[in-house]
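The values are calculated or read from the model by the stated rules, or taken from the named source; none is laboratory data. Predicted model, so just to flag it, every value in this text is computed and none were measured. Methodologically, a virtual Cβ is constructed for each residue, glycine included, from the backbone with ideal geometry; neighbour enumeration extends over all protein chains shown. Side chains are part of the model used for accessible areas, which takes the heavy atoms of the whole protein and leaves out ligands, DNA and RNA. Shrake-Rupley method; radii C 1.70, N 1.55, O 1.52, S 1.80 Å.
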Amino acid sequence: MDRALNKLILPLQQGPDLSLGQFLKTVEECCPQTAYAVKLKLHEMANGELKDMEYFFYDLPNPYIAFDSEAYKTSVVGLFMRHMFLAYDKLSFSQVYKLYKSLQQYYHSHYAKPSDGQVGLPALVADDSDMDLTNPEDAVGDRIDKEELDTPLHESELRNDNAPSRGPLSQKQAEYFLARQAYLLKNDENKALKPAALQEELNNMLKFNPDFAEAHYLNYLNSMRVQDIFLSAHSLLHYFDRLILSGNEGKSNGDEGYGRSLRYAALNLASLHCRFGHYQQADLALQEAIRIAQESNDHVCLQHCLSWLYTLEQTRGSDSTVLTEDSVKMAAHFCLPYLASLGIQSLVQQGATQGKTAHKLMDALKDTDILHWKHSLSELIEISLAQTTSIWRMYGKSTMALQQAQLLLNMSSLEPVNFGVQQNNTEAFAVALCHLAELHAEQGLYGAVSEILQHLKEQFPPHSQHAKLWMLCDLKIQFERHMNEGKYHLAEPLVTAISALNKTEGLYRKAQVLKALNRSTEAYSILQRLQVHCEKTKCTEVVIRVMLSTAELHWESSGFSTALPLLLQALALARQHHLQSLASETILHLAFTQLMLGVPEQALCVLHEACIEPVLAHGAVMDKGRALLLTARCQMAVAGFRPNGQGQADLRLAVLAVDTLKEAAAYFFRLNCKERLRDVHYLQAQLHRSLGQTSQCNKSAMLFRLLDQELQSPAPPVSMRL
Amino acid sequence: IKPETEVMSLPVGGTTFEFGDLVQIKKQLISVISLCKERGLLHTLTLEDAQDLDALTLAKSYFDLKEYDRAAYFLKGCCSQKAYFLYMYSRYLSGEKKKDDETVDSLGPLEKGQVRNEALRELRVELSKKHIAGELDGFTLYLYGVVLRKLDLLKEAVEVFVEAIHALPLHWGAWLELSNLVTNIEMLKSLSLPDCWIKDFFMAHMYTELQMIKEALQKYQSLIEAGFSKSTYIISQIAVAYHNIRDIDQALALFNQLREQDPYRIDNMDTFSNLLYVKGMKPNLSYLAHNLVEIDKYRVETCCVIGNYYSLRSQHEKAALYFQRALKLNPRCLGAWTLMGHEYMEMKNTSAAIQAYRHAIEVNKRDYRAWYGLGQTYEILKMPFYCLYYYRKAHQLRPNDSRMLVALGESYEKLSQQVEAKKCYWRAYSVGDVEKMALLKLAKLHEQLNESDDAAQCYMLYIQDIFSCGEQLEHAEVSTALRYLGQYYFKNKLYDEASLCAQRCCDYNDAREEGKALLRQISQVRDQIETPSADLFAPLSNNTPVRRVSPLNLISFTP
């Protein structure tokens, strides 16, 4: 016996049952001689009589009495053989006969089929090495029957007989099937069976073995996939009803048997309701779980409850920092690293929205990361990376965000890779990919964006749990794109879709569209409402953006001085929360206001001091273009240009402005933002004329004319916007 | 199952029928019974078919001796319809018998539930060929239907059964099989059934199954009027129907009548014992149990009766043992699973109870008692939210049963969901509260929430309810209600009413002191305002305070 064969034995013993074809193939791969011997023996037994099998058992003990044999009593093979003999000896005559029949069927079903090594779930596996002896005597290749089935029958009847996966599975096959499907559901849903097919398989399995509790749980998971509240609740409760039974029998494996599963039953029910958005129900179930856990002093369960409690509080929008902190402390005390770091991550998230300093947050994340690597909590590592990505993006550091997202996507998971599938459908991946898409969209790389979104669509199909993330992301990108290109009529229908996914975001976008369509009054009332709402829920980012939009509305009515306090307030908020991109945006607005109020020197100064640098480094292409356009306008104003071309201009500054405008034009061109491009060309023509460069002036003028004709809408007299 | 033998036990002999068509019915019955007999459904054989006569006689004898394979072997070449049916039927029964034997010595625990009748598929293939060729008669069609049902091809089975019924309307076995496959009233209405007198029996049976008791009773009543008044079958069915709507006295009377007419009857006696159990009639139950044991102690019904008997005597272990025995005799016996669950509940063995109830639900998803039992189990485990789901299920199945509603209300109350609780209690009262508890609970809930008008109104309705039903209930809390009402009237300065209530309070031990105290308070107040009432100590004819009070707004707490 060589090494390869020894290695083969363990998987054969512990793995799922194989069909004869698969079995022979694996044996043949490592030792053709043994395979031949096995084949011969099986042939002899299957084509002979009952006595041949009896002889096999009678003959077998000899090698294992010999001391130096590989099959000695205490070896792996020896132990297995002893088990087998014991089981065989216990059989009554009719059972022995049945075993023999199953063996024959097993053998013949292989040879009855032309192709061996068939994939899929073989309906019958009964081997003489089958330990738990759960040989279903049903045969798939019941040959007599097959021939008779030629007669035309109803379609449904035919289906019932010919489907290969029909018929009962053996215990091991069923377990393997469940484990595999559950694993796939967790890690890569697309590779699992389709919901309907899986449901059918499970029903079939439960029909033959109603006591198989795990099948109910898988059923629950499967119904969650299709958002079926009734079936999932039903399956979950059924699973726990079953579990309570098994837990009671084996009291050895846990403290006080089934009380434990009761607590977790209630907890799971809470999570179910939470998933479906029934927060009140979830709360009630959670209270129940907490009460039972308290009564039985189960701190571990209590911890789980606590982390659900703060999650629930968070989803309801109330402040749960204190709860979370408590949870982290207790979890650390009871040595539950998973819950502890989950709590910390939740705290970080809350801290980020509440304006905690960046280094504190990053420190906390770094500390937990050390913990994660120590305990190999790969899921949390992923979350942590995704969170870092989000935080960097919130702060407006797109390069860092990009880097973190790439890090997550390129990291190979610590989880063992089973069934050839790596875990890549967690929320963390979805978040990172969405950020990636938005970052690319900001740079105007729409080809890459559509590729990323395509991948997201495949990885997280629309019915799955995290699909809303990419849906919102997709809509936002489309919206921005249409707004930049000035196609407001295309942006408008998107607002409804966005509102369905996120109400606040939807309202904000609506205000933007209304503003662009010059329906200022409506836009203003929406913005006011939104501001009140967001101040209550502490969505600082939205508050600042709302303030900026309100300021823009003030500009339209030439209320530049009224816009100023608003903008300063926004700036203070942005700085306080370290939201760099929003801060730069605010400064941009401020500078524009100053320009309009007639202090271009001040505006230029502000721009150079605090805005241009971060925008060019981290900002979106649109922001870059706008910043440069504004700079050029300030430069022109400082140089002393008047719209009607009067007065003497400072030529040195004018040359600078020409360069700036050229750069801005490049950015706008990339985004296909024609309105702003038109402005740029207009200004360019003016500059060139005053510099006496007639040909360039004419070229710019022509470009302006072309765009103006294409756009059809009349340009505002002096560009009144950023 | 052997529904084939359940040819309806109608009064065949000794009854004079009044109508012409009844004579017809009788003739038909006699002929169909002989047909059934020939096919092994009863144990005689008339010699008609000369062709296959020898083989048929031989095979029939083997068949009677339960040697099915042997019977099938000798019938193989025969071509008459009768022989063919017997041939197929023996093969079917042989398969069933083998299946039962297999279950006993299976190779492993997980094989349970995987044992199948191997003959079914072959039978189906052969029968379907003949079916397409149109060569099947009523009996073979019936057999084909049974085979299809066993293979879980329910849709096809329904079609074939309907066909079988059309071919041979008087074969009650086919009707019964069909009734097992009909799940709702829409489906029942969509079936095209032959217009035969037996259809009325079927419809009545279906109505009972689908919990449409009123319609069922009507049907049975009209059947009785048509001349089937002495049929024990109808009497037992009516009794079961009354049992289902919890009209216990009616049902008991009918069962007693049934036992007089048919003293050795075992069918339906488990239902009878349930009734006796509910009424707590120990001697009657004991007598019934003894009687049944003498007739046949290895019947499911007998075991259930004995189980009930032990349960009533609070010997729950023994009761559970007998229910287990009943289940061994017939694992698909729904009632026994549920009753066993109840016993385990009594023994505080919640996990075993859950198991039993789950089994019951597996057998029949529409068993409201099992759902209710599961709810109760979780309630005992102090999981009020968890048990809501089960109570809701039970309520769905019996929307007009107050017990589920009260249970739901209690759970909601425990979860401090007072609004829902109030709705449940009020609804429970509206559908006719059996235990008379809903109003009291509702009143207490209002009391807790300081809604004194509503509380008083509920207490009043409660008192009315208790007095109108006549009999004394053990848990009645009339005194509580009176006490509250007294205080309520006193606060609202309705002294006449208050004093009436206080006086009534004095009739009850636990409220006597308070009643007297209230009376003293009232007389003090009255002395102060110096308007002594003459009729203060007037004799109390009935619960007058209820009529005098200003009508309170009932609508406010209707859901």
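Before moving on, here are some points about what is shown:
- The number of residues in region B:473-530 being touching a residue at least 40 places away in the same chain (Cβ under 8 Å) and either more than 17 Å from B:L439 (Cβ to Cβ) or part of a helix (DSSP H, G or I) (or both) comes to 10.
- Which numbered condition A:N248 misses (of (1) within 13 Å of another protein chain (Cβ to nearest Cβ); (2) open to solvent by less than 20 Å² (accessible area, probe 1.4 Å); (3) modelled with pLDDT under 85): (2)
- Helices (runs of 4 or more DSSP H) lying entirely in region A:477-556 (those with 3 or more residues that are free of Cβ contacts under 8 Å to residues at least 60 places away in the same chain and farther than 30 Å from A:Q465 by Cα): A:503-516, A:520-537, A:540-556
- Within region A:76-122, restricting attention to residues that are β-branched (V, I, T) and at pLDDT below 80, the residue that is most open to solvent (accessible area, probe 1.4 Å) is A:V119.
- Taken over region B:368-382, the residue count meeting the criterion of being within 14 Å of chain A (Cβ to nearest Cβ), touching a Lys or Arg at 6+ places or on another chain (Cβ under 9 Å) and at negative phi is 6.
- Scanning region A:11-37 for residues that are open to solvent by 80 Å² or more (accessible area, probe 1.4 Å) and modelled with pLDDT of 75 or more yields A:K25, A:E28, A:E29, A:P32, A:Q33, A:Y36.
- Residue count for region B:117-130, restricted to those that are in a helix (DSSP H, G or I), open to solvent by 30 Å² or more (accessible area, probe 1.4 Å) and either at the interface with chain A (Cβ under 10 Å from one of its Cβ atoms) or under 17 Å from B:S94 (Cα atoms) (or both): 4.
- If you filter region B:380-397 down to residues that are surrounded by fewer than 21 Cβ atoms within 10 Å (Cβ to Cβ) and within 17 Å of B:K423 (Cβ to Cβ), you find that the one that is modelled with the lowest pLDDT is B:Q396.
- Residue under evaluation A:R263, criteria (1) more than 10 Å from every other protein chain (Cβ to nearest Cβ); (2) free of Cβ contacts under 8 Å to residues at least 40 places away in the same chain, criterion not met: (1)
- Looking across region B:416-431, the residues that are without any contact (Cβ under 8 Å) to a residue 60 or more places away in the chain and surrounded by 19 or more Cβ atoms within 10 Å (Cβ to Cβ) come down to B:Q417, B:A421, B:C424, B:Y425, B:A428, B:Y429.
- Set B:Q355, B:Q376: member being free of Cβ contacts under 8 Å to residues at least 40 places away in the same chain, more than 19 Å from B:R246 (Cβ to Cβ) and open to solvent by 10 Å² or more (accessible area, probe 1.4 Å): B:Q355
- Qualifying residues in region B:461-498 (those that are open to solvent by 70 Å² or more (accessible area, probe 1.4 Å) and basic (K, R)) - the one modelled with the highest pLDDT: B:K491
- Scanning region A:526-583 for residues that are surrounded by fewer than 19 Cβ atoms within 10 Å (Cβ to Cβ), at pLDDT 85 or above and among the hydroxyl-bearing types (S, T, Y) yields A:S561, A:T562.
- For region B:372-413, residues that are assigned to a helix (DSSP H, G or I), under 22 Å from the mean Cα position of the chain (by Cα) and closer than 22 Å to B:A336 by Cα total 14.
- Residue tally, condition of a type outside the set (A, V, I, L, M) and surrounded by fewer than 21 Cβ atoms within 10 Å (Cβ to Cβ), over region B:151-178: 5
- Residue match in region A:275-284 (condition: within 14 Å of chain B (Cβ to nearest Cβ), assigned to a helix (DSSP H, G or I) and among the basic types (K, R)): no
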